[in-house]
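Undergrad: Handing you a structure now.
The values are calculated or read from the model by the stated rules, or taken from the named source; none is laboratory data. Since we're looking at a predicted model, the values are computed, not measured. Cβ atoms come from the backbone with ideal geometry, glycine included; neighbour counts cover every protein chain shown.
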Amino acid sequence: MGAKIYHISYFLPSKTVTNQDLSVDFPDQNPEQIFKKTGVSKRTHTTPDVIGSDMAFLAAEKLFKESGKKKGEVGFLIFVSEGNDYIAPATGVILQDRLGLPTNICAIDIPLGCSGFTHSLGFAKMVIESGQADNVLLLFGDTPSFGSHPKDFALRSLFSDAGAAVWVEKSKSNAVGEFIYGTDGAGVKSLYVERSGFRNPIDKQWLENQEDVGGMPIGRMRMDGIEIFTFSLNVVPQLVANILAKNNLKMEEIDLFVFHQASNIILKSIQRKLRIPEEKMAYYLENFGNTVSMSIPIALSESAREGRIGEGSKVLLAGFGIGYSWSGTVIYF
């Protein structure tokens, strides 16, 4: 018994931020320069009344409509986000009720970002192969725009808000391969949301310091771009080598490499270091931006729609980033 991905759906909010829009806020950056630096032409931003769980809910409703799967069939629910509704209870519990799913299921949260898809897919595989459930509904929703300071060009030029839903189910073949995981908490401060929890919480002085934090009531995302770049180039090539070894595969046997869509410079650098042919790389930053834990399922969905993957394909997945955390596997079609 194994596990396989049966269906992927995603949701994008309607507000689009183009490079032309950004150049108005950052007059020292023209649209061509922005695209050259990031590989992004447009990003999607939500509104304050539509948060991560709302977009996950909309993606789930879309999945049930597109796939023909029934809500009453759901055996396990995992919600992945770093922007939950409340500190408590778990947002997965809220989504169980909101979607009208069975009450005899486990509903949990995984507070992860860039590695959130690959981590949660690994957990879904564990749940299914251990016999705890026949399927797992993975839901994703994040709003990096909420934590991006208006004057922070690096964050605003890269990140998008989105939601996604993925149905993983029991399979006679092991369509989801073996996993590699990694964690290095020493990198926490390279990418984190300052003043966003119980540790050093928001106070009056923070809210009134308009110049530095803009009165940001849920905290401010901080990113050290050079450290993130260095981490990615150090970790991802070894991650790929470990994934291949654990799954008894060689580089040339992989039909498509789907990495977390971090930034154009990171993806291009990984591609060069690993000598991956252009036709075997998934690049979906241009029209989606960095959608955090949704970037891999969106890339998979778009790759399938474009006919780049199909029956017999072997696809290597690798998520990496905030934490630091990383994980990956191979999926077989």
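Undergrad: For the range 116-130, check the following and say yes or no: at least one residue is without any contact (Cβ under 8 Å) to a residue 24 or more places away in the chain and over 30 Å from LEU207 (Cα atoms).
TA: Within the range 116-130 (the criterion being without any contact (Cβ under 8 Å) to a residue 24 or more places away in the chain and over 30 Å from LEU207 (Cα atoms)), the answer is yes, since at least one residue qualifies.
Undergrad: Please go through the range 245-271 and pick out each residue that is under 20 Å from ASN287 (Cβ atoms) and exposed (fewer than 15 other Cβ atoms within 10 Å of the Cβ).
TA: We begin by selecting, within the range 245-271, every residue under 20 Å from ASN287 (Cβ atoms); these are 256-268, 271.
Selection gives LYS268 alone.
Undergrad: If LEU207 meets every condition in (1) free of Cβ contacts under 8 Å to residues at least 40 places away in the same chain; (2) surrounded by 15 or more Cβ atoms within 10 Å (Cβ to Cβ) apart from one, which number is that one?
TA: (2)
Undergrad: Restricting to the range 12-27, and then to whatever is at pLDDT 95 or above and part of a loop (DSSP other than H, G, I, E, B), can you tell me which residue is farthest from GLY52 (Cα to Cα)?
TA: My answer is PRO27.
Undergrad: Just checking, does the range 225-244 include any residue being farther than 23 Å from SER81 by Cβ, exposed (fewer than 15 other Cβ atoms within 10 Å of the Cβ) and of a type in the set (Ser, Thr, Tyr)?
TA: The answer is yes; a qualifying residue exists.
Undergrad: Among what's in the range 109-124 and is within 8 Å of the chain's Cα centre (by Cα) and not hydrophobic (A, V, I, L, M, F, W, C), pick the residue that is surrounded by the most Cβ atoms within 10 Å (Cβ to Cβ). Talk me through it step by step, then tell me what you get.
TA: Start the filter on the range 109-124 by keeping residues that are within 8 Å of the chain's Cα centre (by Cα), which leaves 113-117.
Cutting the leftovers down to not hydrophobic (A, V, I, L, M, F, W, C) gives us 113, 115-116.
Values: GLY113: 25, SER115: 29, GLY116: 31.
So the residue we want is GLY116.
Undergrad: Please find, within the range 243-267, the residue that is nearest to ILE34 (Cα to Cα) out of those that are in contact (Cβ under 8 Å) with a residue 60 or more places away in the chain and among the charged types (D, E, K, R).
TA: ASP255
Undergrad: Also, quick follow-up: Just checking, does the range 290-303 include any residue being without any contact (Cβ under 8 Å) to a residue 40 or more places away in the chain and more than 19 Å from LYS15 (Cβ to Cβ)?
TA: yes
Undergrad: Moving on to the next point. From SER173, SER196, SER190, grab the single residue that is touching a helix residue (DSSP H, G or I) at 6+ places or on another chain (Cβ under 6 Å) and among the polar types (S, T, N, Q).
TA: SER190
Undergrad: Which members of the range 171-189 meet the condition of being buried (at least 18 other Cβ atoms within 10 Å of the Cβ) and either outside any strand (DSSP E or B) or more than 20 Å from the chain's Cα centre (by Cα) (or both)?
TA: ALA175, GLY177, PHE179, GLY187, listed by residue number.
Undergrad: Condition check: within 23 Å of GLY113 (Cα to Cα) and touching a Cys at 6+ places or on another chain (Cβ under 7 Å). Does ILE322 satisfy that?
TA: yes
Undergrad: Which of the residues belonging to the range 63-89 are crowded, with 18+ Cβ neighbours inside 10 Å and within 21 Å of the chain's Cα centre (by Cα)?
TA: Within the range 63-89, LEU63, PHE64, PHE76, LEU77, ILE78, PHE79, VAL80, SER81, GLU82, GLY83, ASN84, ASP85 qualify.
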